[in-house]
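Novice: My structure is below; once you've seen it, I'll send some questions.
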Amino acid sequence: MADPRAHEPAEQHEQEGVGVPDTLQRLWTPHRMAYIRGVGRPAQDEAEGCPFCRAVELEDEGGLIIARGKLVFATLNLFPYNPGHLMVLPYRHVADYTDLTPDEIIELAEFTQRAMRAMRHAAAPHGFNIGMNQGSVAGAGIAAHLHQHVVPRWGGDANFMPVIGHTKVIPQLLGETRDLLIDSWSAVD
């Protein structure tokens, strides 16, 4: 019978007797500890260093910005779950939904609707995941600046790669996605 750990690197075999071997492979990413510990992450009340605040200071292409409104803007997610994954954010550096002004809430909702229309026009998704994570314990990667995710979904877009390989396949470059959405954003009301 073959050793079920034959696929593991030799250094993992040095831990004999420490636990019950399993069939899972590990991808060791020690460089991620800086992110986990919050190195370089903006404080809840500081706009300095916030990637969203920096994005609006860039040219639209460099900031991956799809559209700018009076109080909010839409930008592509730099680490998308799916092609076309974008976010709607207030310009104002604010962390909590309850701190938005009534006008910001309205424009955020209108931009979210327009993002859905633009994506439907551009790529005909079968559905959407829409939402925001409030606070780092709720999953917000950048909790200091509120952002609402708009993630287009297609039947069968979840396959074995993220489940087995912990890898997400994105079939389109961000620049191409941005161009497609800008054209569609202008085409829809």
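None of the figures in this text is laboratory data; all of them are computed from the coordinates on show. Keep in mind the model is a prediction, meaning the values are calculated, not measured.
Novice: Once Rh for the range 51-187 is found with the Kirkwood sum over Cα pairs, what is the Stokes-Einstein diffusion coefficient at 10 °C and 1.306 mPa s, in µm²/s?
Specialist: 104 µm²/s
Novice: At 0.36 nm per residue, minus the direct Cα-Cα distance, what do ILE170 and TRP154 gain on full extension? Give it in nm, one decimal, please.
Specialist: In short, 4.5 nm is gained.
Novice: Near the amide H of ARG153, under 5 Å away, which other amide H atoms are found, from residues 5 or more places off or on another chain, if H is placed in the peptide plane?
Specialist: HIS126, GLY127, PHE128, ASN129
Novice: To the nearest µm²/s, what D does Stokes-Einstein give for the range 87-149 at 10 °C and 1.306 mPa s, using the Kirkwood radius over alpha carbon pairs as Rh?
Specialist: Translational diffusion coefficient: 127 µm²/s.
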